[in-house]
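In what follows, a single structure is set out as structure tokens and then discussed.
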Amino acid sequence: DLLSLGDMVAAKYSDDYTYWLNTSGADQIMLTIGNHDVWLTGLSGSELASKTDVYAKFFAPKISTWGNGIVQPTNAQADGLMYWYKDYTANGVRLIVLDCMYWTEAQNAWFVNALSDARTNNLHVIAVQHYNPTRSLAEIDCNFYSLDYGFNNLVQSTGAAQMLADVDAFIADGGTFVCWLSGDAHYDAFGIYTAQSGNKQLCLTFENAGVSSLWGDANRITGQKSQDSFNIVSVDNYSKLVKIIRVGN
């Protein structure tokens, strides 16, 4: 499957969405809602579009093409609920995608239930949201960093502390948590969060796919190979490894 970690438009909600609507293939690109996708006033972010409008633009036209097995909360379209999960049962993995832009207690309750159900069904969990859930990370030394901005620039969302606590409780109850996947920062930031319980959560924030950005890890030129920047992420449940291949950049 193909998954975007958010910010499908350049600056604000009303920007052009033609590229996404014109993508083809048996399974379309699955989406995570980001800050630019909801901001009405570009980089200021002072106002957000309504949840139902955002759902109508980004989810309604394409979600039926994301392949079988997408599970949404009740009344997702009517209420503009942009969180969901998908099970890869044969591989023992559940992908849970959250909406950190419109966080509510109802979403948190849904997340806890999705985690509990995954544990009952012996599914390893990958959790996804646009913002990395924490800056309190022990950095992982790896060769993905051409520039290392550290974790101070990472944005933490409303509900972040609660989500980390939910995952910690899931692990304490015997659940297997693989990692968090996030975007937003425009650069790579890989680290490990350790809860007070001692349980660890792997957090992987990936560089932006688009060339046009305020900052980034490398010089990239439109129309050349350096323009590409996407990742193949696989989970080895037997050896307990997350394997990442960077294509381009």
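The values are calculated or read from the model by the stated rules, or taken from the named source; none is laboratory data. Treat the numbers as computed from the prediction; the structure is a model and nothing was measured. Cβ sites come from the backbone with ideal geometry, for glycine too, and all protein chains shown count toward neighbours. Areas reflect the complete protein model, heavy atoms only, side chains present, ligands, DNA and RNA absent. Shrake-Rupley method; radii C 1.70, N 1.55, O 1.52, S 1.80 Å.
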Note on segment 190-205: residues in contact with an Asp or Glu (Cβ under 8 Å, 6 or more places away or on another chain) and under 15 Å from E139 (Cβ atoms) are F190, G191, Q201, T205
- Please indicate, with yes or no, whether at least one residue in segment 71-93 is touching a residue at least 12 places away in the same chain (Cβ under 8 Å), part of a helix (DSSP H, G or I) and buried (at least 18 other Cβ atoms within 10 Å of the Cβ). yes
Going through segment 14-48 in order, the residues found to be farther than 19 Å from G183 by Cβ and not acidic (D, E) are S14, T18, L21, N22, S24, G25, A26, L40, T41, S44, S46
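Listed here are the residues, each with its yes/no results for (1) over 23 Å from C100 (Cβ atoms); (2) of a type in the set (A, V, I, L, M, F, W, C).
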position	(1), (2)
T158	no, no
A165	no, yes
A169	no, yes
G175	no, no
G183	no, no
G191	no, no
C203	no, yes
S234	yes, no
N237	yes, no
Per the filter on segment 222-244, residues open to solvent by less than 70 Å² (accessible area, probe 1.4 Å), in contact with a strand residue (DSSP E or B) (Cβ under 8 Å, 6 or more places away or on another chain) and closer than 19 Å to K200 by Cα are V235, D236, N237, V242
With respect to S64, determine if the residue is over 24 Å from L154 (Cα atoms), out of contact with any helix residue (DSSP H, G or I) (no Cβ under 6 Å at 6 or more places or on another chain) and not in a helix (DSSP H, G or I).
-> no
* To do: Kindly indicate whether L181 is not charged (D, E, K, R) and not in a helix (DSSP H, G or I).
  => yes
Given the conditions (1) open to solvent by less than 30 Å² (accessible area, probe 1.4 Å); (2) closer than 20 Å to D7 by Cβ; (3) not in a helix (DSSP H, G or I), every one holds for Y102 apart from (1)
Restricted to segment 138-174 and to residues being open to solvent by less than 40 Å² (accessible area, probe 1.4 Å), more than 14 Å from L204 (Cα to Cα) and in a loop (DSSP other than H, G, I, E, B), the residue modelled with the lowest pLDDT is S157
Does D37 satisfy being farther than 30 Å from Y238 by Cβ, among the acidic types (D, E) and open to solvent by less than 60 Å² (accessible area, probe 1.4 Å)?
yes
Scanning segment 113-137 for residues that are among the polar types (S, T, N, Q) and either modelled with pLDDT of 95 or more or open to solvent by 60 Å² or more (accessible area, probe 1.4 Å) (or both) gives N113, S116, T120, N121, N122, Q129, S136
Residue pairs within 6 Å by beta carbon, gap of at least six or interchain, first lying in segment 113-142 and in contact (Cβ under 8 Å) with a residue 40 or more places away in the chain and under 11 Å from G175 (Cβ atoms), second assigned to a loop (DSSP other than H, G, I, E, B) and β-branched (V, I, T), listed first then second, are H124/T176
